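The structure appears below as structure tokens.
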Amino acid sequence: MYILQISLDLTAGEAENPFTSFLQYGSGAGDAQLRQRCRDFTQHVHRPLCENFDILLHPGNTNAWSKVISLLCERGDYILCEEFTYPSAQACWVPLGNYAAPVAMDAQGFHDDSLESTLAEWELNHPDIIIVEDDPYFFLQFPEYELNSKTTNDTSTSNEQFLASLAPSFLQIDYQGRAIRLESFSKTLAPGLRLGYFIARPFFIQRLLLATEVETQDPSGLWQAVVLSLLQTWGLDGYQTWLQSLRDEYQARRDWMIRAFQHEFTLVSGSQHSELDVADSTLVAVLDAVPIFSFVPPTGGMFIWAQFHLHANPTFRKMRDDQSLEDSEDCFAEHFWEIPSKVLLTPGSYYHPWQGEGKVTTQARGAKPTVTKFRFSFSMTTREEMERGIARLAKVVRASWEL
């Protein structure tokens, strides 16, 4: 556990302490000192290839994404996105008449051939692409998980080594100023801060500022003061040390969850189950020689994305044979999700990109049949709660698969 201790003097006059200015209406752009801190940090960490960039504060990435959609999209536009996309990211553009153009993924992200195929089918001669990079888990990147390893990965490194270990952002390869990056303090300091910032060329920042002035205005002055005070106290090196410690915490949590899987299931390499058509880097959870679910051990973030294999499940087989059911995979997922066991998984259907009313079912979307997906979170619970939850899951699986 990490404890933040910040001291703010509310008694001093404005001449001695500028804190009082944070309690007044702001300009919309956010505090100039905090914006400069964010700019310096961006320059140090991301080293943008396009040097002509600017910073604009915003009240969290959810609101920031909504503003970007309002700026860039018109009714009927399609948005390139991942095969599974966060539901709240879609909630702001589905009512506006926009659609997803999902791109298939593997353990490393976008399938390049799927992306090329999607773009090749567009009826455009000179498509104008803007990349919106919403990557709140950027600093939660950790080493690959080693199955059956007897040692714990040593993550103690210098700040320079830590930054060098991070995958580059789009800012490092964007030479035309086409990337708009959404940064957030929610995943690095505290979700309740509701504070972050845009990184983009001035052309975009000016228009986002106009939207800010008539919508949200300044982010909370109080939280701007808190974050500025913290960054001033820590300095650049101190903040990087904090981020590295945060990364270590979530790596440990990932490892707890995978070891809890290993305690209840037998984990084997995907290469041992060629019939599942999964990558060798995938781990397969097996009970009594039956593959139940598979997952790629995450190298970042707070979640494990699991694919459940249903070919051996008696309930699913009955649903598949029932001609009255339009989508047996989703029907099983809903049935499995609702089993009363005091453990809650997030159904993968929440993350299906909206492609229109004609592409809702598994078959219509062209998705893989006889599988369904769930998301596990290791972000909040203790190790003991995690182990209890996975034990309850294993009990439900045994009953559902009749093992």
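Each value in this text was obtained by applying a stated rule to the coordinates, not by laboratory testing. Keep in mind that what you see is a predicted model, and the values were worked out from it rather than measured. Reconstructed Cβ throughout: ideal geometry from the backbone, glycine too, with neighbour counts over all protein chains shown.
Observations on the structure shown:
- Amide hydrogen neighbours beyond the local backbone of Asp218, cut-off 5 Å, H modeled: Gly26, Gly28
- Per-selection Kirkwood Rh - the chain (Cα, Å, 1 d.p.): 23.6 Å
- Amide proton proximity set for Asp106, modelled H, under 5 Å, gap of 5+: His111
- For Lys318, a cut-off of 20 angstrom between C-alpha atoms picks up these lysines, skipping any fewer than 8 places away in its own chain: Lys368, Lys373.
- Degrees, to the nearest 10: 221-264 long Cα axis against longest axis of the chain: 10 degrees
- Whole-Hz couplings from phi, Karplus 6.51/-1.76/1.60, listed for segment 295-310; x for Gly and Pro: 7, 9, x, x, 10, x, x, 10, 9, 10, 9, 10, 10, 8, 9, 9
- Net charge of Cβ neighbours under 15 Å - reference Thr241; Lys, Arg +1; Asp, Glu -1: -3
- Relative contact order for segment 334-378, counting Cα pairs under 8 Å that sit 6 or more residues apart, in percent: 42 percent
- The DSSP beta bridges internal to the chain are antiparallel in roughly 80% of cases.
- Cut-off of 10 Å, at most 14 other beta carbons, DSSP loop: longest stretch of the chain lacking such chymotrypsin sites (Phe, Trp or Tyr not before Pro): 176-403
- Loop-located trypsin sites (Lys or Arg not before Pro) across segment 312-403 with a Cβ neighbour count of 11 or fewer within 10 Å are Lys342, with loop assigned by DSSP.
- Among the trypsin sites (Lys or Arg not before Pro) found in segment 33-95, those both in a DSSP coil and sparsely packed, with 12 or fewer other Cβ atoms within 10 Å of their Cβ, are Arg75.
- Neighbours of Phe332, meaning other residues whose beta-carbon lies under 10 angstrom from its beta-carbon, give a summed charge of -1 when Lys and Arg score +1 and Asp and Glu score -1.
- With Cα atoms, 0 to 90° folded angle of helix 328-337 axis to the chain main axis: 70 degrees
- Seen against the Cα atoms of the chain and their longest principal axis, helix 383-401 is set at about 30 degrees.
- Amide H within-cut-off set for Asp134, under 5 Å, with H built and near neighbours excluded: Leu182
- Whole-angstrom gap from segment 384-403 to segment 233-304, using each part's C-alpha centre: 18 Å
- For segment 128-138, backbone phi angles converted through the Karplus equation (6.51, -1.76, 1.60; θ = phi - 60°) give residue-by-residue couplings of 9, 9, 10, 9, 9, 9, 9, 10, x, 9, 3 Hz, Gly and Pro being listed as x.
- Bridge type composition, segment 18-249 - antiparallel percent by DSSP, nearest 5: 55 percent
- Shape category assigned to segment 265-401 from the gyration tensor of Cα positions, a/c cut at 1.5: rounded
- Part-to-part distance (alpha-carbon centres) for segment 151-212 and segment 87-110, which is given in Å: 20 Å
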